[in-house]
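Structure, as structure tokens:
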């Protein structure tokens with residue numbers, strides 16, 4: 001079925017437009033569906049108004065006209081030699097695309113406006129190079145996320161864990177790395193971080209932020225999911241998984257949590273943060289957001305599979321907004337309330353009857369629009385102020 005859909009995309013491209021059915025955004029904004037793309041994951045915005053989208057398969061897609069028209073067109077930009085080409089990042093300075101797959105990170109030259117990459121993608125680093133612990137619980141995370149900072153010429157790579165809760169034997173898993181664009185000078189900057197799918201560069205401070213999905217099978221309602229400034233920690237930041245969570249709280253008897261990180265932003269448990277992006281402090285596009293949102297952090301929450309005693313999903317999918325001030329959350333963390341630091345920006349993905357979607361990737365376009373991928377609904381949404 002997927003192969004047939006891919007052929008349709010290649011032959012004709014989708015042109016799909018409409019209001020985001022059932023979704024709500026704050027007063028003064030509007031949301032529209034601008035492209036159909038089943039399995040869309042992370043998004044990277046290009047300076048000409050196009051987007052690059054990773055996917056749950058081995059293809060990376062070009063979404064043309066995402067900013068400029070009522071509907072965008074979708075085509076396959078590259079077919080990777082590895083599955084789960086979900087992580088994407090673009091360097092405007094280097095004109096280079098980076099793609100994280102299950103087993104590697106690939107790089108290729110790309111000029112905005114071109115139909116294809118300039119040459120075949122080449123692996124710059126390998127991940128998941130070791131084994132899985134004996135007796136693993138089988139909760140193996142297979143995506144690799146990437147972010148690129150043009151100011152420091154640094155590529156960041158995050159690799160999910162091989163389990164829900166275990167001691168890894170593969171040093172590349174449950175970790176975040178920094179390296180040169182060609183994969184050299186590779187160094188670990190975060191460890192024991194279960195599944196940091198969301199990576200975002202603050203364009204003002206050039207700090208790397210990561211959003212993590214916490215472990216399951218703890219007392220219901222814990223641990224909180226979080227966003228944190230990884231760059232603010234010296235050496236290798238230790239996030240404590242699976243022994244320590246939240247405010248250095250031990251969930252394993254005898255665990256030593258004093259040296260672990262207490263993250264800066266907390267979201268509800270099971271939120272499952274998949275994407276994150278900062279809104280520019282000084283946007284100059286036609287669809288620039290109001291001052292309230294400038295410099296803030298947007299994050300996509302995929303939502304939980306956990307259910308309450310009444311059978312409802314415990315945490316709904318959404319796009320959350322975190323106001324920032326001088327590189328830190330405007331509202332300090334409240335360890336008794338994981339709802340205190342953020343507001344829902346896009347909601348309505350879930351009702352009493354089920355779910356209409358689960359947001360994944362997120363990016364700010366060249367003209368100021370906010371784009372949100374939805375892997376479950378198979379679309380990309382565009383949010384912008386009403387004109």
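Looking only at region 156-202, which residues are outside any strand (DSSP E or B), more than 27 Å from residue 134 (Cα to Cα) and more than 16 Å from the chain's Cα centre (by Cα)? Across region 156-202, the qualifying residues are 180, 181, 182, 183, 184, 185, 186.
All of 114, 89 fail the test of being out of contact with any strand residue (DSSP E or B) (no Cβ under 6 Å at 6 or more places or on another chain) and either surrounded by 17 or more Cβ atoms within 10 Å (Cβ to Cβ) or under 26 Å from residue 34 (Cβ atoms) (or both), apart from 114.
Here's the yes/no breakdown for (1) surrounded by 12 or more Cβ atoms within 10 Å (Cβ to Cβ); (2) at pLDDT 95 or above:
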| position | (1), (2) |
| --- | --- |
| 284 | no, no |
| 296 | yes, yes |
| 311 | no, no |
| 321 | yes, yes |
| 333 | yes, yes |
| 337 | no, yes |
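Taking first residues from region 156-177 that are at positive phi and buried (at least 24 other Cβ atoms within 10 Å of the Cβ) and partners that are at pLDDT 95 or above and not in a loop (DSSP other than H, G, I, E, B), the Cβ contacts under 8 Å between residues at least 6 apart in sequence or on separate chains come to 174/159; 174/191. Summed over region 285-294, residues that are in a loop (DSSP other than H, G, I, E, B), out of contact with any strand residue (DSSP E or B) (no Cβ under 8 Å at 6 or more places or on another chain) and touching a residue at least 24 places away in the same chain (Cβ under 8 Å) total 2. Among the numbered conditions (1) surrounded by fewer than 22 Cβ atoms within 10 Å (Cβ to Cβ); (2) under 26 Å from the mean Cα position of the chain (by Cα); (3) at pLDDT below 95, the only one that residue 269 does not meet is (1). If the condition is being within 18 Å of the chain's Cα centre (by Cα) and touching a residue at least 60 places away in the same chain (Cβ under 8 Å), then region 51-81 contributes 51, 53, 54, 56, 63. Those strands (runs of 3 or more DSSP E) of region 295-387 in which 3 or more residues are free of Cβ contacts under 8 Å to residues at least 60 places away in the same chain occupy 318-322. Kindly establish whether residue 240 is assigned to a loop (DSSP other than H, G, I, E, B), touching a residue at least 12 places away in the same chain (Cβ under 8 Å) and within 20 Å of residue 159 (Cα to Cα). In short, yes.
The values are calculated or read from the model by the stated rules, or taken from the named source; none is laboratory data. Please read all numbers here as calculations on a predicted model, not as lab measurements. All Cβ positions, even for glycine, are placed from backbone atoms using ideal geometry, and neighbour counts span all protein chains on display.
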